[in-house]
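Following: one structure in structure tokens, then a few remarks.
Where a number appears in this text, it was derived from the coordinates with a stated rule and is not lab data. Worth saying up front: this structure is predicted, and the values here are computed from it rather than measured. Glycine gets a Cβ as well: all are built from the backbone with ideal geometry, and neighbour counts include every protein chain shown.
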Amino acid sequence: MTMHVDNRDSVLVVGSDGSIGRSLVTAFQASGKNVLQTTRNRNLVSVQKVFLDLSEDLRQWPLPTVPVKVAFICAAVTSQEKCRSEPEYSRRVNVEGTISLARRLVDSGCFVIFLSTNVVFDGKKPFAKGNDPVNPQSAYGRQKSEAEAKLLKMGDMLSIVRFSKVLSPDMPLFQGWIRDLKAGKEICPFSDMLFSPVPLAFAVEVLLKVAELQIPGIMQVSAAQEISYADMAVHIARKLGLDEKLIRPVSYLESLIERAPLHTTLDVSRLRSELGMIPPEVSKLWS
């Protein structure tokens, strides 16, 4: 199916079914932009939402028939376990398909924004800088770092936005905690796995600003603090007035194969200096 729109300020959201993709679509539509979308779910295909599977050969995939100013590549295999257990498939999506699509978009004159992750680093030190050497410790991290290296060779028509953990109150993990706590059931979050939460709304705001200014290179986004999943559970319980005595922290080492990083924060000096943005404090979540 070919995309037909007539607004020269159109944007393309690749992977519009995920939380970030959906939020980008909503934000652009609210501003009056024509938003072209892709989906991997054939049941959701429509005039402005076309099918695209990054694991397939994209050389014949039809690009939009009108100029697209900015494209966001949100689609990816983000499950660390799936990247580990299905390395060939996940690499086709996260590296080969992503590079193929980005190259075609850049060649068409489109500015491309690629969503990446803090797990391109090994997490041995906090506040990793954008130009620090990468050292991924997982299949997902290796795929993302490989994609980054190839994308950076495409020049100033491409931006890489590295996020730590992007979250929203409706995340299944947190909603499950809330349901269990309300039902008087114990929950067992990890006490020794840290993350640096970035609210979904803030992540989208950053992406919109990068798109507006078309800032090339690497932009990093993380909270200034790290918090364990157990501490986050306590934080949520207190904010919602739920019984925190039902929280029974456990070690992730009892159930996970890959070792979690010691640190998850990223240096956000470029975010501050070029976008004038400061990630919100963890304490403001669920306020």
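The table below gives the values:
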| read-out | value |
| --- | --- |
| Of the criteria (1) surrounded by fewer than 16 Cβ atoms within 10 Å (Cβ to Cβ); (2) over 18 Å from Leu58 (Cα atoms), which one Val161 fails | (1) |
| Odd one out for Ser273 among (1) touching a residue at least 24 places away in the same chain (Cβ under 8 Å); (2) surrounded by fewer than 18 Cβ atoms within 10 Å (Cβ to Cβ); (3) of a type in the set (Ser, Thr, Tyr) | (1) |
| Filter result for Ser168 (under 28 Å from Arg272 (Cβ atoms), small (Gly, Ala, Ser) and surrounded by fewer than 21 Cβ atoms within 10 Å (Cβ to Cβ)) | yes |
| Test set (1) buried (at least 19 other Cβ atoms within 10 Å of the Cβ); (2) of a type outside the set (Phe, Trp, Tyr); (3) more than 19 Å from Ala75 (Cβ to Cβ); (4) in contact with a strand residue (DSSP E or B) (Cβ under 8 Å, 6 or more places away or on another chain) - Gly123 fails condition number | (4) |
| Residues of the range 196-243 that turn out to be in contact (Cβ under 8 Å) with a residue 60 or more places away in the chain, of a type in the set (S, T, N, Q) and touching a helix residue (DSSP H, G or I) at 6+ places or on another chain (Cβ under 8 Å), as a count | 3 |
| Inter-residue pairs, beta-carbon under 7 Å, first farther than 25 Å from Pro87 by Cβ and touching a residue at least 40 places away in the same chain (Cβ under 8 Å) and in the range 43-66, second part of a loop (DSSP other than H, G, I, E, B) and of a type in the set (D, E, K, R), 6+ apart | Val66/Asp6; Val66/Arg8 |
| Test for Leu63: is it in contact with a Ser or Thr (Cβ under 7 Å, 6 or more places away or on another chain) and closer than 12 Å to Leu12 by Cα | yes |
| Residue check for Glu281: more than 13 Å from Leu167 (Cβ to Cβ), acidic (Asp, Glu), surrounded by fewer than 16 Cβ atoms within 10 Å (Cβ to Cβ) and touching a Lys or Arg at 6+ places or on another chain (Cβ under 8 Å) | no |
| Positions within the range 59-76 being under 22 Å from the mean Cα position of the chain (by Cα), farther than 15 Å from Tyr89 by Cα and among the hydrophobic types (A, V, I, L, M, F, W, C), in sequence order | Val68, Val70, Ala71, Phe72, Ile73, Cys74 |
| Residues of the range 130-142 satisfying the condition of being in contact with a strand residue (DSSP E or B) (Cβ under 8 Å, 6 or more places away or on another chain) and either free of Cβ contacts under 8 Å to residues at least 60 places away in the same chain or surrounded by 14 or more Cβ atoms within 10 Å (Cβ to Cβ) (or both) | Gly130, Tyr140, Gly141 |
| Top-ranked residue in the range 107-163 [being farther than 18 Å from Val13 by Cα and aromatic (Phe, Trp, Tyr); ranked as farthest from the chain's Cα centre (by Cα)] | Phe127 |
